[in-house]
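Quick one: structure below, then a few questions.
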Amino acid sequence: MKNKSIIFSIFLIIIFNGVRAQNKKANAPKSIISRTATIKKYYDLKELKELNKGELITLYTERINVLIKTLPYIALSTRSGITMADIGIPLDSEHKKDFENQEKAIADFLESTVNFQTKIMPYSDKNNLITAILFYESMMKSLHELGEASE
C-alpha cells in the first residue's frame with residue numbers, strides 16, 4: 001500500500017511539472033520573425049552551377065520562405081529571436097492576436113506558394129533559378145546589413 005501511494009505521488013509530481021512546463025512555454029514571448037527564417041549557407045555562382053535543378057529548386061523555395069517570413073517585419077526588426085517586448089510592443093491580448101493572425105496568414109500563403117513552386121518550378125530554366133537564388137540571397141544580406149547598421 002505504501003509503495004502504491006509513493007508511485008502515485010511521483011506520478012502526480014511528473015504530471016504537475018509537465019503541465020507547468022507547457023504553461024511556461026505558452027506564456028513565453030514569441031519571436032516576431034520565425035526562428036526558422038534563416039539561411040544556413042549562402043552560395044556563389046560557381047557552387048550553384050554545380051547543383052542539379054532539383055537542388056536549386058529546394059534552395060529557391062527555402063529562400064522564398066525566409067523572405068516571406070521576414071519582409072512583413074523589417075520595420076520592427078530584421079533578426080529572428082526579437083520579441084514584442086524587446087521592441088516595446090505591449091503584451092496584451094489584442095497585439096498577441098494580431099501577431100497570431102499574421103503568423104497564420106503567412107503560413108497559409110507559404111503552403112500555397114510551396115505547392116505552386118513544387119509543381120511549376122521544374123519547368124524553369126536552370127540559369128534563371130540561379131539568378132533568382134543569388135538575388136534572394138543578396139536581399140537577405142542587405143536586410144542583415146540594414147539591421148546591423150540600425151543597432
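Of all the residues that make up segment 6-64, how many are loosely packed, with under 11 Cβ neighbours inside 10 Å, more than 30 Å from TYR123 (Cβ to Cβ) and either modelled with pLDDT of 95 or more or not hydroxyl-bearing (Ser, Thr, Tyr) (or both)?
Within segment 6-64, residues that are loosely packed, with under 11 Cβ neighbours inside 10 Å, more than 30 Å from TYR123 (Cβ to Cβ) and either modelled with pLDDT of 95 or more or not hydroxyl-bearing (Ser, Thr, Tyr) (or both) number 23.
Please count how many residues of segment 127-142 are touching a residue at least 60 places away in the same chain (Cβ under 8 Å) and farther than 12 Å from LEU45 by Cα.
Of the residues in segment 127-142, 4 are touching a residue at least 60 places away in the same chain (Cβ under 8 Å) and farther than 12 Å from LEU45 by Cα.
Now a separate question. If you scan segment 123-137, which residues turn out to be over 18 Å from THR70 (Cβ atoms), assigned to a helix (DSSP H, G or I) and open to solvent by 60 Å² or more (accessible area, probe 1.4 Å)?
Passing the criteria: TYR123, LYS126, ASN127, ASN128, THR131.
Within segment 45-62, does at least one residue satisfy the condition of being basic (Lys, Arg) and within 12 Å of the chain's Cα centre (by Cα)?
No, the conditions are met nowhere in segment 45-62.
If a residue has to be surrounded by 14 or more Cβ atoms within 10 Å (Cβ to Cβ) and over 22 Å from GLU137 (Cβ atoms) to count, how many in segment 77-94 make the cut?
Total meeting the criteria: 4.
Determine whether ASP98 is in a helix (DSSP H, G or I), free of Cβ contacts under 8 Å to residues at least 12 places away in the same chain, open to solvent by 30 Å² or more (accessible area, probe 1.4 Å) and under 30 Å from LEU51 (Cα atoms).
The answer is no for ASP98.
Let me ask you something else. Only one of (1) open to solvent by 80 Å² or more (accessible area, probe 1.4 Å); (2) closer than 19 Å to ARG35 by Cβ is not met by ALA107, so which one is it?
With (1) open to solvent by 80 Å² or more (accessible area, probe 1.4 Å); (2) closer than 19 Å to ARG35 by Cβ applied to ALA107, the lone miss is (1).
The values are calculated or read from the model by the stated rules, or taken from the named source; none is laboratory data. Since we're looking at a predicted model, the values are computed, not measured. Using ideal geometry, Cβ is built from the backbone for each residue, glycine included, and neighbour counts are taken over all protein chains shown. The protein model used for the area step is the full one, side chains on, heavy atoms only, and it has no ligands, DNA or RNA in it. Shrake-Rupley method; radii C 1.70, N 1.55, O 1.52, S 1.80 Å.
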